[in-house]
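Below is one structure, written out as structure tokens; the observations come after it.
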There are 2 protein chains.
Amino acid sequence: MLAEFDIIARYFSTPDQSSSGAGITLGPGDDCALLSPAAGTEIAMSVDTSVAEVHFPGDAPPEAIGHRALAVALSDLAAMGARPRGCLMALTLSHAEPAWLERFAHGFRELGRRMSTPLIGGDVTRGALSIAVTVVGDVPAGQALRRSGAMPGERLAVTGALGGGHGGLRIWQAGGSDLEDPLLAAYLTPTPQLDAGLALRGLASAALDVSDGLLADLGHLCHASGVGANLDPARIPLAPTLEMTLGSEGALHAALSGGDDYQLLVSVPDTAWEAAQRRCTDCDVTLTEIGRVVAEPGISGIPETMKGAGWQHFTGGGP
Amino acid sequence: MLAEFDIIARYFSTPDQSSSGAGITLGPGDDCALLSPAAGTEIAMSVDTSVAEVHFPGDAPPEAIGHRALAVALSDLAAMGARPRGCLMALTLSHAEPAWLERFAHGFRELGRRMSTPLIGGDVTRGALSIAVTVVGDVPAGQALRRSGAMPGERLAVTGALGGGHGGLRIWQAGGSDLEDPLLAAYLTPTPQLDAGLALRGLASAALDVSDGLLADLGHLCHASGVGANLDPARIPLAPTLEMTLGSEGALHAALSGGDDYQLLVSVPDTAWEAAQRRCTDCDVTLTEIGRVVAEPGISGIPETMKGAGWQHFTGGGP
């Protein structure tokens, strides 16, 4: 097996990345990476682990595995309205197969390049395939989008469309492998909504990313904010081709409980709604109202039969 | 299995920790943690993964596993001369056994308390036992101890004693389990040399921590600094009881190549040597000269028979 340093150096440290990251004063290769914070900012940090056969199929294309591991971590920065500065990767793999590593690193690096997120540190160990990615970003002090600010009467809205993650999982499980399929792409190579997070800063009163499923994540937002929600199922934007694949009821169930969508769920006061929509449109993101925040705890507007369990990863049962 | 949020909340978030971490403006429970950097500082970050049966025995006392996972990560902050601010933990485990988790969290939390390192974020997933810890610290801008500053003529020195990590591994493999044994304690519950790292800031020209073995890590320091080293094996401080356990030759081999010691290896100019020793003494750390930096590449002074492979983790072959 290649030594840890060799793997990081050979596959992940492109010179342009480690040197040009904004604020990164020392990249990989020393005991720590160093970041020079910009004045007046807070540092936002999160870690997300992707385990083979739990969060993704181990035989997925290596590029997709690399892309996805970074994307799900970046989604947490998006949900805070933070701008990414870099990431650290703890890669555990059973053997260092150069062709696999090359493709994995390509997917990881390519998303990092698009999202201005250089790899600034890493650790490679032997074991079952898993990738823990720590993302580091910054946000003007006091402006981070927390989960706890939603107020009764505000609009609940989501970026993009929902259900694609679960729809793609079903297609993969049925033997599909065409990454051009919009559902499979949504599942295997999701796009973290970083632009939308930045656009909604100062407008949304609360935000999180939809990773466990809309109902579960809305529950988290409501719990943190001490509020409830009334949803209008008919307004929930469904991923393209989802109804064709799963039928109307299956599609709605996937959108409500499927998880793995990595869109943002936000609460926006009426006074900020037009600006929020305009700013999202400016960065090519749709922002769709799906309900309202209410004072009473609990989520209403959804038929009881639709309230399945959220948090269904790769090995979880489908609806 | 308990949900991720429950595990983090129940076992790891002590109220005093998440709220009192210096500069931590938001602890666990949201999409990201937030850190307010102090003016004029750089942020230091590193990730270290501990995998059961690779880096530690899976049947070690859970408290030791928790302690050790955080200690090896903090050791990288020590090696940069950084002060810890917090950590994020990606915990992967096959099942959530409350008694085991309670003991694991106790070891992790207790070291975090002693080292002022609150857990500010976490992720719990299902899979083979492994713990990836990302540590975050700060250091006055421009004062971090890098690997690359060693100059010919400087003294090479180590904190504490070497070989204890490997000696303890051998004792564990022979069935020993008394954590009061100094070698077993050195292996299972090492102490990150954070005080020494702070003490040596501004005095050492280069530093790293001895995790892969003295010869291997000295090689990294020499490579980064573009220098060589001349060691005096007779001066290398051996862990207490190491010679008794492994014999003189085995003890020296363990100190040179055993790894897992988490002491600091530094290069110190003659002009700073007295101050370095005094400051280390002030924080109850011994600093022992073991050789000199030389201009010619390579490591001299060591018999060829002693130049075994470094980086021997749990499953690696012993000397």
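The values are calculated or read from the model by the stated rules, or taken from the named source; none is laboratory data. Because the structure is a prediction, the values reported are computed rather than measured. Positions of Cβ are backbone-derived with ideal geometry, glycine not excepted, and every protein chain shown enters the neighbour counts.
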Listed by range, strands (runs of 3 or more DSSP E) wholly within region A:130-247 having at least 2 residues that are farther than 28 Å from B:R126 by Cβ and either touching a residue at least 12 places away in the same chain (Cβ under 8 Å) or of a type in the set (V, I, T) (or both) are A:130-140, A:155-159, A:228-231
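To keep it simple, each residue is scored yes or no on (1) of a type in the set (A, V, I, L, M, F, W, C); (2) modelled with pLDDT of 95 or more.
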| residue | (1), (2) |
| --- | --- |
| A:A3 | yes, no |
| A:Q17 | no, no |
| A:G21 | no, no |
| A:T25 | no, no |
| A:L34 | yes, yes |
| A:A52 | yes, no |
| A:M80 | yes, yes |
| A:L88 | yes, yes |
| A:E102 | no, no |
What are the residues in region B:149-175 that are among the hydrophobic types (A, V, I, L, M, F, W, C), more than 16 Å from B:L203 (Cα to Cα) and surrounded by fewer than 24 Cβ atoms within 10 Å (Cβ to Cβ), if any?
B:A161, B:I171, B:W172, B:A174
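Per-residue answers, yes or no, for (1) surrounded by 24 or more Cβ atoms within 10 Å (Cβ to Cβ); (2) modelled with pLDDT of 95 or more; (3) among the charged types (D, E, K, R):
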residue: A:D212; (1), (2), (3): yes, no, yes
residue: A:G228; (1), (2), (3): no, yes, no
residue: A:D232; (1), (2), (3): no, yes, yes
residue: A:L238; (1), (2), (3): no, yes, no
Report, by residue number, each residue of region A:112-129 that is more than 7 Å from chain B (Cβ to nearest Cβ), in a loop (DSSP other than H, G, I, E, B) and among the small types (G, A, S).
A:S116
Regarding B:L162, is this residue at pLDDT 95 or above and more than 14 Å from every other protein chain (Cβ to nearest Cβ)?
yes
Would a scan of region A:102-111 turn up a residue that is without any contact (Cβ under 8 Å) to a residue 24 or more places away in the chain, among the small types (G, A, S) and in a helix (DSSP H, G or I)?
no
Looking only at region A:246-302, which residues are modelled with pLDDT of 95 or more, buried (at least 17 other Cβ atoms within 10 Å of the Cβ), more than 23 Å from A:S75 (Cβ to Cβ) and among the β-branched types (V, I, T)?
A:V294
All but one of (1) polar (S, T, N, Q); (2) farther than 21 Å from B:H223 by Cβ; (3) in contact (Cβ under 8 Å) with a residue 12 or more places away in the chain hold for B:S300; which doesn't?
(2)
When the residues of region B:130-141 are filtered to those that are within 16 Å of B:G66 (Cα to Cα) and at the interface with chain A (Cβ under 7 Å from one of its Cβ atoms), which remaining residue is surrounded by the most Cβ atoms within 10 Å (Cβ to Cβ)?
B:A132
Counting only strands (runs of 3 or more DSSP E) entirely within region A:28-95, those with at least 1 residues that are charged (D, E, K, R) and over 13 Å from the mean Cα position of the chain (by Cα) are A:41-51, A:83-93
